[in-house]
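Here is the structure we will look at.
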Amino acid sequence: MDNSIKQVSPERMTPEQRRAEVAGLLAAGLARLREANARTGKGELGLGFEADESVHVTPSNEPGEESA
């Protein structure tokens with residue numbers, strides 16, 4: 001297996017090649033995170049908040065109030 005790193009300057013890449021590079025890096029990071037969670041027994045990845053919380057509630061939109 002060849003362990004050398006082949007680097008290409010982003011300026012010499014097409015937009016499609018740059019998108020593929022970013023997608024590959026993100027996919028590899030997600031796979032490593034899932035693998036680490038599986039080893040530690042954490043299970044599925046969470047969203048960072050509980051299911052009963054909402055990220056869209058603002059003081060002006062309290063439950064039971066209608067927005068103007």
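Every number in this text was worked out from the coordinates using simple rules, so none of it is lab data. Since the structure is predicted, the reported quantities are computational estimates derived from the model, not experimental observations. Positions of Cβ are generated from backbone atoms using ideal geometry, with glycine treated the same way; all protein chains shown enter the neighbour counts.
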Task: region 4-11 - phi-based ³J(HN,Hα) in whole Hz, Karplus 6.51/-1.76/1.60, Gly and Pro as x - done: 6, 9, 9, 9, 10, 4, x, 5
- [ ] Just order 22-31, 7-16 by mean Cβ neighbour count inside 10 Å, highest at the front, would you?
- [x] 22-31, 7-16
